[in-house]
Amino acid sequence: MLFQNTVHGHQKVLPLISHLFGLQQGRRLLTHASAIKPTRVPTDEQTALSKLPAKTLLRSALLTTVMSKPWLLRPSLAIMELVVNSKSALLNADKNPVLNRLLRWAVYNHFCAGTTCKEGSDAVRDTKKLGYHGVILGYAREVVLDPIEALDHIPSDGAKYGPKHYEIIDEWKKGNVETLDMLDAGDFLAVKVTGAGQIALDAMQDKQPMPEYLERTLDEICEETKKRGCRLWLDAEQQALQPMLDEWAIALMRKHNRGGQNLMYNTIQGYLKGSKANAERHLTLAAQEGFTVAVKLVRGAYIENEIRSLIHDTKEETDRCYDEIADMFISRRMPEGAKHLEFPSAALFLGTHNAASAEKALEAHKQRVLAGLPLTPLECGQILGMADELSCKLLQDHDKCVADSRIGDKSPRILKAFIWGSVGECMGYLYRRTVENRGAVERTQHMAAAMREEIRRRVFG
Ligand SMILES: Cc1cc2nc3c(=O)[nH]c(=O)nc-3n(C[C@H](O)[C@H](O)[C@H](O)COP(=O)(O)OP(=O)(O)OC[C@H]3O[C@@H](n4cnc5c(N)ncnc54)[C@H](O)[C@@H]3O)c2cc1C
């Protein structure tokens, strides 16, 4: 523990307390330290946070405090956007060492696993030590497109790709296999297909089947993942790319998710007006063709770069849609029009920081376990550095369920997701995390308050 629970330790912690709680409050806390008696009964959430190491807790408290204040978040977001979109070497985090260090200190170290395999493996190990049942690790390379530019793309009709384009696919495969080296059986590899470069991008935009070279590479990545007892998912992208990516993901599931195996997951973004129909299509195809439909359900991270009319008009509609899709899988309900088909072999991963959605889905699953009904394997995960109070609470609930002999190991696993790569490669990811925090100021305020409360608890007992 960083802080000793004694009055002597307080001199050392004044600067930190002042920083985290405001100067006046920090002084007041120190002055009255010996007189303070704990007045708050720790909530479940609070005691759950006791799992976090002091360093993570302090960084989380600091970052979430910044992110929960719109007047601080707005300029931070503007700076991040400038860095992400700039072509200047001065604003390239991999070329400018000062910028690199600054970003590492401010955001990178909080959200990312590291720049090397060694750092990545350490992050995986440290995360599991906290009690998580597994991790999801991705290789950071990606391409984010301007939506208008992407839709205006004209098919390159017959243009040949040079050796460099194929080398990029090879390098991307190498990055993904290196990622697998850091994982254990039961973990997930998160695959960003845009990282495979122009061949992949052009085919997705031009609505072409998977190019042969890319298909072979993805098959090899699937095989390698299977050999290690891991699973993989394809991250969801912007709508200019996603419809074709859905087709490719279904093709991979058809091939690799045989005999009840849930090796390959596609991602469905609940913020899209078409997402429920898309989920129904996935289920129907799986029921007709006999493969396992494995889905990671998220709300969607590209609201800033997306054609707005494709997304639900309100946050409430997105929330409702997300919960309905989750329930369709958990309750094993076939869509209208496919009721004559038997519910297929399926698996669901909930990628969310929304406590209401996570708790609703986990409760529905628990009720089915208790009623002895057939189950869809369910897991739930949050991104490293985000919603730690929810993750820790879900871990705590999981432990209670495991102790209940009627549930035991049928309680869904809780995982943490992160990426590795150079600071420059991770910038797009970091920018999206900042945007998400802007859209969830209320939750971020709640997380910041929970973190500060946990620091108070550790300092004053
Ligand atoms: C493990 C994991 C994996 C992920 N993988 C992906 C991925 O592959 N691709 C991807 O796109 N995202 C991914 N995400 C991010 C995800 O899509 C969300 O952006 C993020 O989780 C925030 O949503 P939430 O469910 O946590 O809940 P909340 O914070 O409650 O919801 C915020 C989300 O609601 C939606 N929203 C906000 N305002 C509005 C509005 N006015 N109208 C309609 N909708 C609105 C947006 O999707 C926004 O991100 C992942 C998240 C996790 C935890």
For this session: Run down the aspartates and glutamates and flag those whose C-alpha is under 14 Å from the C-alpha of residue 69, throwing out any fewer than 8 positions away in its chain.
Result: 436, 442
For this session: Please work out the C-alpha center-to-center distance from the range 205-261 to the range 70-145 and express it in whole Å.
Result: 26 Å
For this session: Counting other Cβ atoms within 10 Å, keep those with at most 13, restrict to DSSP loop, and tell me which trypsin sites (Lys or Arg not before Pro) in the range 184-220 are left.
Result: 207
For this session: Write down, largest first, the equivalent ellipsoid semi-axes of the range 113-420 in whole Å, where each equals the square root of 5 times an eigenvalue of the alpha-carbon gyration tensor.
Result: 30, 23, 19
Seminar exercise, completed: Charge tally for neighbours of residue 370 with beta carbon under 10 Å away, counting Lys, Arg as +1 and Asp, Glu as -1, is +3
Problem set entry | residue 135 accessible area, assembled protein chains, probe 1.4 Å, Å² | 0 Å²
For this session: Tell me which residues come under 5 Å, amide H to amide H, from residue 424 once H is placed; ignore anything under 5 positions away on its chain.
Result: 94
Problem set entry | Under Karplus coefficients 6.51, -1.76 and 1.60, residue-wise ³J(HN,Hα) of the range 194-204 in Hz, glycine/proline x | 4, x, 6, x, 4, 4, 5, 4, 4, 5, 5
Seminar exercise, completed: Whole-percent carbon and sulfur contribution to the accessible surface of the range 348-461 (1.4 Å, no ligands, DNA or RNA) stands at 55 percent
Problem set entry | Neighbour cut-off at most 15 other Cβ (10 Å), DSSP loop, trypsin sites (Lys or Arg not before Pro), the range 239-278 | 258, 273
For this session: Determine the percent antiparallel among the DSSP beta bridges restricted to the range 113-420, to the nearest 5.
Result: 5 percent
Exercise. Among the lysines, which fall within straight-line cross-link reach of residue 273, defined as a Cα-Cα distance under 18 Å, with same-chain neighbours fewer than 8 residues apart omitted?
Worked result: 296, 315
Exercise. Counting only the heavy atoms of the protein chains, how much of residue 365 is accessible to a 1.4 Å probe, in Å² to the nearest 10?
Worked result: 10 Å²
Seminar exercise, completed: Here FRET efficiency (C-beta to C-beta, residue 228 to residue 50, R₀ 41 Å, nearest 0.05) is 0.80
Seminar exercise, completed: The simple spin-label model distance between residue 98 and residue 315, using points 7 Å out along Cα→Cβ, in nm, is 3.8 nm
Exercise. Taking a threshold of 25 Å on the Cα-Cα distance, which of the pairs 207/416; 87/192; 129/276; 192/366; 95/226 fall above it?
Worked result: 207/416; 129/276; 192/366; 95/226
For this session: Work out how much length residue 117 to residue 167 would gain on full extension: take 0.36 nm times their residue separation and subtract the Cα-Cα distance, in nm to one decimal.
Result: 15.9 nm
For this session: Search the structure for amide H atoms under 5 Å from the amide H of residue 383, placed 1.01 Å from N in the peptide plane, and list their residues when 5 or more places away or on another chain.
Result: 417
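The values are calculated or read from the model by the stated rules, or taken from the named source; none is laboratory data. Please read these numbers as outputs of a predicted model, since none were measured by experiment. Because the Cβ atoms are built from the backbone with ideal geometry, glycine has one as well, and the counts that use them run over all protein chains shown. Side chains included, ligands, DNA and RNA excluded: accessible areas come from the protein's heavy atoms. Shrake-Rupley method; radii C 1.70, N 1.55, O 1.52, S 1.80 Å.
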